[in-house]
Every structure is written in structure tokens, then in C-alpha cells.
1. Over the heavy atoms of B:D141, what accessible area does a 1.4 Å probe trace out, to the nearest 10 Å²?
2. For chain A, modelled as a Gaussian network with Cα springs under 10 Å, which listed residue fluctuates most, A:A157, A:A20, A:A81?
3. How much FRET efficiency would the formula 1/(1 + (r/R0)^6) give for A:R50 and A:R78, where r is the Cβ-Cβ distance and R0 is 35 Å, rounded to 0.05?
4. Counting protein heavy atoms only and a 1.4 angstrom probe, how many square angstrom of accessible surface do chains B and A bury in total, to the nearest 100?
5. Hey, in the GNM for chain B with a 10 angstrom Cα cutoff, which one of B:N110, B:N22, B:N149 fluctuates hardest?
6. Once you keep just the Cα pairs under 8 angstrom separated by 6 or more residues, what percentage relative contact order results for chain A?
7. Would you be so kind as to identify which of B:L27, B:A15, B:A39 lies farthest towards the positive end of the dipole of the stretch B:1-52, taking Lys and Arg as +1 and Asp and Glu as -1 on Cβ and the Cα centre as origin?
8. Shape verdict for the protein assembly as shown, please, from the Cα gyration tensor: rounded (a/c under 1.5), prolate (a/b greater than b/c) or oblate.
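The values are calculated or read from the model by the stated rules, or taken from the named source; none is laboratory data. All values derive from a computational prediction rather than experimental measurement. Glycine also receives a Cβ, built like all others from the backbone with ideal geometry; neighbour counts cover every protein chain displayed. What goes into the accessible areas is simple: the full protein's heavy atoms, side chains included, and nothing from ligands, DNA or RNA. Shrake-Rupley method; radii C 1.70, N 1.55, O 1.52, S 1.80 Å.
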There are 2 protein chains.
Amino acid sequence: MARTTGSDGEKTEAAVREAAVNLIARLGYEAMSMRQLAAEVGVQAAALYRYFPTKEDLLFTLMREHMEGLIEAWDAARPAATDPATRLAAYVENHIAFHIERRHSTHVSNMELRSLSHDRLTQILRMRTAYEKELRAILRDGAEAGVFNVEDTGLTAMALIQMMTGVIVWFRPGERLSISEVTATYLSMTMRLVGATHGATTTYGAVRAFGRAKDAVAL
Amino acid sequence: MARTTGSDGEKTEAAVREAAVNLIARLGYEAMSMRQLAAEVGVQAAALYRYFPTKEDLLFTLMREHMEGLIEAWDAARPAATDPATRLAAYVENHIAFHIERRHSTHVSNMELRSLSHDRLTQILRMRTAYEKELRAILRDGAEAGVFNVEDTGLTAMALIQMMTGVIVWFRPGERLSISEVTATYLSMTMRLVGATHGATTTYGAVRAFGRAKDAVAL
DNA sequence: GAATTAATTGAACGTTCGTTTTATTATCAC
DNA sequence: GTGATAATAAAACGAACGTTCAATTAATTC
């Protein structure tokens, strides 16, 4: 046999990507074989090479698009407001929503970095750094304005990102907590962690209100 | 050739364990071949099977001993004091010190869980849960005593553990920050995150003092 | 110093891996 | 309908994998 009836390159490629994200997230990149992936898609292994020249190309594509998606999501969610507390709240909510929504590709992008070649690893890390830089800027602005109390901007940014991304390790949709409940709790933990002043309740109130509004959309 | 002069089973096994932790941490369990490991030890691949019946047995042994070490370390570091703030401070300091000290085996134990058989995975997860339970107990006690302000004990425990363990991702000994500086910063972030009351400065003062003392020892 | 045990080598086994090549069929443009 | 092209199958490639086995030598025991 050869070309099968109804076969379509675009659909096959999309199916390959989706199956690959799920399989790599579950088994790991090294443990997933191209034959396994092909079987999941319902195709022979050789057909995969029409869309991705090598296994590593496939991995890199998945990671690059994950990072591009993350950066685009933040660009879209970035608030017009300039006060650090509002910006921080938006960052936290966008981060958690994105990572829960794309749990599998996050898993892949975080766990399989060592399977990339040096150059491609550098590319992915550059994108990640750019994204994290945004959080550091928010923390720095907040510290300079005196509305945050952070000892070390870089260290706090890393701590927050690890904390937030960690959600994907234990969160399962439809269990005890909803996405909005998790987000709300993480938001208040974040605000306490950075020592956000909520003396003048206007600021903190705005943050909370913003949080609720976003939550409603996210669900 | 056969047995080599000066060969010693105990030494070889120790060398295998150490090389395995480093190689798996760097390449991943699936990507590390038994031949690679043997070469690192300076031995033929067949010799490894004298000490570990299968590759997975080797992985499991490394993980089990890592978890046992973590639990033993906490048993030794657990303070006699009963007030939640002191206990939390001890937990944080022990956790960070242990994870920085054993960065590689932590990496292995966190990243390679999916390569274990179901039964062995269950064993490791049971140990992990037991360890995390200690933190939840501290948070619960603190919340009930009114010295902590946590909305959700389980969720806060997960957030703290992810935050603290994340240190191994970016921390490199001998760079900008020392272990004690990192620990101190994480301790104060933790205390703020759980909303520890330091109105009566005695409590918070004690925590800080404890922190410094432990840091001195850790270095 | 002979017998026993411990430690290791070297070669081989069958399997699976990522990938390539060639042939074949479906689809589409004209 | 015919020719070009897109999409796939089927088979094969050499290399690497985890693991086993028999042979061999060092260390230990008596």
C-alpha cells in the first residue's frame, strides 16, 4: 500500500504534534520511539519523516512553539496599568492559567531540555529568560516604588516561577480545587511573599478584583 | 583478562553508584547506557550486573537511598521546640541544605520517576508523601495556633516544596550567592508566604537566630 | 601451596532504535 | 482522462541497546 484514502498532510502533522506532546509527557522523549508515535497517529514510522526530519527536530518544534505561546499569552494579558501589584497579579494569573491549560507541553519543555543540541537549547533558554525577565522587572519596579518588600529580585523571581509552575505536578482538573480557586490562593501567597503593602486597601482591592475577573474568563 | 589486580567489590559498587547519579542527572536515565556508565567507572558493562541485576534496579536503589537520606536528615534536624515557626524554619533550612548538597540525586529522584515499575514508583511516592506530611502538620499547627495565615494547608505545602526544591535548578555553588544567603532569603520568603506573625518579635527573632546558627553549621 | 571464592573480561544474543530508500497509491490541476 | 504531485507503506540499514554466559585471573582460606 501507499497513500491512503482521505490522507491529508496538515491533519497528519497536527495529529503527530498532539500525539508527540502526550507521549513525550507520559514516557519521556528518550523512552518514546518513533514507531510508538506513528502507531498512536495510525501511520507508519516512515511517514513521520515527511513532517519532521529527525526526532530532535520534532522535540524542538514542540518546545519552541510552547515558548512562543507562553510569550504571546503574556503579551496579550499584559495590563495597561503601571502599578506593580496589578502587573504582578496579571503575571501570576497568566502564568498559572497557561501552565495548567498546557500541562503536557510544559512538562515537555521543562523536562526534556537536555535532549536538545547546544544551539537549540540556547534558543529555548533565551526565550525562557526573556519571559522571566518580565517578572524581574515587575519585582524591581515594586521594590523601588516601595510597594514590595523583596530582598533579592532575581532570587524571588526564580522562587515564584518554580512555585507557580509546580502547579502542573499535582494539579488535576476536576479534583478538589478549581482553577480559579488555585489561582486565587497562589495569588495571595505571591502577594504575601513579595511583601505587597495593602495598607491603602485600594491597591490590594484592585488586585483582587482583577483576579476574580480573569478567573471568570479562564473557566 | 579477568579479575584485575586491586579490584574490590565494595569500592566498585560505590564507584558505580556515584557515576550513575552523575550520569543520570546529566543525560537522563533512558539516555545513559550501561556501557557508558561502565566506561565512566573504568570497567566492562558486564561487571555492573554483579552489583545491580538490572538497570532499573540501579535507578531504584539510588532513589530509595536518596529518599531515606532525606527522611533521616529531617529526623536528625527536627527541633525539640514545638512552636510552629521554629519547626517551619528548621524544615526549610534542612530541606534547602539537603537539596543543594545532593543536587544530582535530587534531580534523579524528581525527574526519573516514570522509569520505575508501578510497585517501585509507589514505594518512592510513599516515602515522599511521608516527608511532605511533616510540613503539612507544621502548617496546620501554625494555622490552628493562629501564628500562620494559610488558606489551604495542602496547597501551601506543595507551593513551598516546589519553591524550595527549585533551588537546585539554578543554584551553582561558588556563584553570586552563598548557601547561607540563599537559605536566609528563602526562609524569610517562606515566613512571609505563610503569614507568620512577628508582632511579638520574640518568635521571629528566635527564628532568625536559629537560621543563622544552622547556616554557620551548614557551611 | 592447593582449593575456593570474588571480581572481572570478552564475546555474543536477540531486540529495538532512528532513519533511508523505493515503490505505490490517492488526489488534484488542466 | 492524463500527468504531476502529495502522502504513505513496506522493507531494509547499520548501530546501539540491556543482558547473559563462559572463561580467566586475583585474592582469600585452610
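1. Roll a 1.4 Å probe over it and B:D141 shows about 50 Å².
2. Per the Cα network of chain A with a 10 Å cutoff, A:A81 tops the list.
3. So the FRET efficiency works out to roughly 0.35.
4. 2900 Å²
5. B:N110
6. It rounds to 22 percent for chain A.
7. Positive-most Cα among the choices belongs to B:A39.
8. oblate
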